[in-house]
1. Counting other Cβ atoms within 10 Å of each Cβ, which trypsin sites (Lys or Arg not before Pro) in the stretch 74-128 have at most 15 and sit in a DSSP loop?
2. Only helical DSSP H runs with n ≥ 4 go in: add -39500 (n - 2.57) per run for the chain, normalise by residue count and round the 222 nm mean residue ellipticity to 500 deg cm²/dmol.
3. Suppose we take every Cα in the stretch 97-220 and form the convex hull; what volume per residue is that in Å³?
4. If I stretch the segment between residue 173 and residue 109 completely, what's the gain in nm (0.36 nm per residue apart, minus their alpha carbon distance), one decimal?
5. Calculate, in nm to one decimal, what residue 64 and residue 24 gain on full extension: separation in residues at 0.36 nm each, minus their alpha carbon distance.
6. Below 8 Å between Cα atoms, with a sequence gap of 6+, how large is the relative contact order for the chain in percent?
7. What translational D, rounded to a whole number of µm²/s, comes out for the chain from Stokes-Einstein when the hydrodynamic radius is the Kirkwood one over Cα pairs, at 37 °C and 0.692 mPa s?
8. Per-residue counts of other Cβ atoms within 10 Å, averaged by peptide: what ranking do you get for 182-192, 65-75, highest first?
Amino acid sequence: MLDDLLASPDVVGLILSGSQARGTAGAFSDHDVIAVVRAGGGHPASGSLDLAVLTVDELADVSDRWQRYAYRGAVVLLDRLDGRIAALVAAQASLSPSEVDAFVREYLDGYVNFVYRAAKSRRDGHDDLARLEEIEAASWFLWTLFALYGRVRPYNKYLRWELSRYPLPSPWTADRLVVAMADRPSSLFPDLEVVARAGGFGDVLDAWPNLDLIRSYAVSG
């Protein structure tokens, strides 16, 4: 099937993504391939080849935030548009300066919101509800952290791979993040506050009137 795609004049790009591209494939991994075509169309998955078909315009559309990590570490197998396919893949897998600003402001505010809710629940003696708020906070934290460094949030499955291949500055090690995400994401607030303020996002934090409660909870739980 791959040979047929390579031979088709309608196919202007082929992209290998997923575990095969990232070198993490296991016994049950298939081959995730994206065919970029001049016009719309569709092909079913075939055997170990899991095929998605996109037009060039669809590949250029970065509005699906969650899907963008699929292009991180992707391998462009075919580019008949003189580098445009590769450029579009790169744009999917990273954030522009304007996207960094928008993403950080949105997700940092959301993360602080859930930490604040967790702090209030713990203060009021509702440890179980505080735990639920902590669970919600994890995703918002990861989006914030990676956006601060111009990157899209990795899928949980690839968090260790991402930080092994593309490390973040200290203290953001894979071991620390995985443990904190599974246990208490609020514990990372003090370090995130430092990075956020250094990046020019202190106004997002200062818009919250209860930072002392949030800071105290983050440190003591």
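Bear in mind that the values in this text are calculations on the coordinates, not laboratory data. Because the structure is a prediction, the values reported are computed rather than measured. As a convention, Cβ positions derive from the backbone with ideal geometry for all residues, glycine included, and neighbour counts pool all protein chains shown.
1. Here the trypsin sites (Lys or Arg not before Pro) that fit, given the DSSP loop and packing criteria, are 80.
2. -15500 deg cm²/dmol
3. Value for the stretch 97-220: 93 Å³ per residue.
4. 20.7 nm
5. Stretched out fully, the residue 64 to residue 24 stretch lengthens by 12.0 nm.
6. Contact order relative to length: 16 percent.
7. Result for D is 171 µm²/s.
8. Top to bottom by mean Cβ count within 10 Å: 182-192, 65-75.
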